[in-house]
Every structure is written in C-alpha cells, then in structure tokens.
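Notes follow once the structure below has been shown.
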Amino acid sequence: MIVALWLAASVTTVCLEPGGGLSPVICKAPATRLDARREVCECPTGRRTDAPLCAEGETPPPETRQLNAFRRKAGQDGSLVGDRYRDRPLCVIPPNPQGRRP
C-alpha cells in the first residue's frame, strides 16, 4: 500500500500535442492536504498523458523537434513512464521540489 501511494505521487499529468509538444495542463487539487484523493487534471488542448516526475538531481531532455517526434510516438499508449530519450527519462520537473513528498 505504501509503495502504491509513493508511485502515484511520482507520476503527473501532461498534455501531449499531436506533434509531440507539451501544452498547459489544468489541475484541481483537493481542498486540503489531508484529502487522500489525487489531483484531477484536464487538457484544454492535446491528449492527457501520464509522465514521471524527475527525481532529485534529474532533468528532462532539452526541448527539440527530435524530442517532440520521439515523445509523440512514446506517448501513443497514454504514458511516458519508463520511456527514455538519449538515455534521459521523459520526466517533468515538479513545480515545488521542496514541497514534494518522499
């Protein structure tokens, strides 16, 4: 159970455009930190896709057209979790690394 909660906290939602680029995601967080429900995220444009959060000291690959093409193919299954581009994970930098839960 603890592993499942940690895993859920290490994955976030991104919006993947048809060309592989990222567009803004709109997320609604629970009212309090005590609420165990996960954020509800929507994509005004693009397809809702799961992506891993970058671990401490880890950075995503730089944005390029080649990365977009790779991400387009990798995200066809609805997830970028476990996918790597040039030996770097397709991760997302957390918005507030200090507030991240272990």
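The values are calculated or read from the model by the stated rules, or taken from the named source; none is laboratory data. All values reported here derive from a predicted model rather than from experimental measurement. When we count neighbours, we look across all protein chains shown, and the Cβ atoms used for this are built from the backbone with ideal geometry, even at glycine. Remember, those area values only see protein heavy atoms, side chains included, never the ligands or the DNA or RNA. Shrake-Rupley method; radii C 1.70, N 1.55, O 1.52, S 1.80 Å.
Evaluated against (1) modelled with pLDDT of 95 or more; (2) surrounded by 11 or more Cβ atoms within 10 Å (Cβ to Cβ), R65 falls short on exactly one condition, (2). For the stretch 28-45, taking the residues that are at pLDDT below 90 and surrounded by 13 or more Cβ atoms within 10 Å (Cβ to Cβ), the one that is farthest from the chain's Cα centre (by Cα) is identified as R38. On the stretch given as the stretch 46-58, residues that are open to solvent by less than 70 Å² (accessible area, probe 1.4 Å) and not aliphatic (A, V, I, L, M) total 6. Considering (1) closer than 18 Å to P24 by Cα; (2) open to solvent by 80 Å² or more (accessible area, probe 1.4 Å); (3) assigned to a loop (DSSP other than H, G, I, E, B), the lone condition that R72 does not fulfil carries the number (3).
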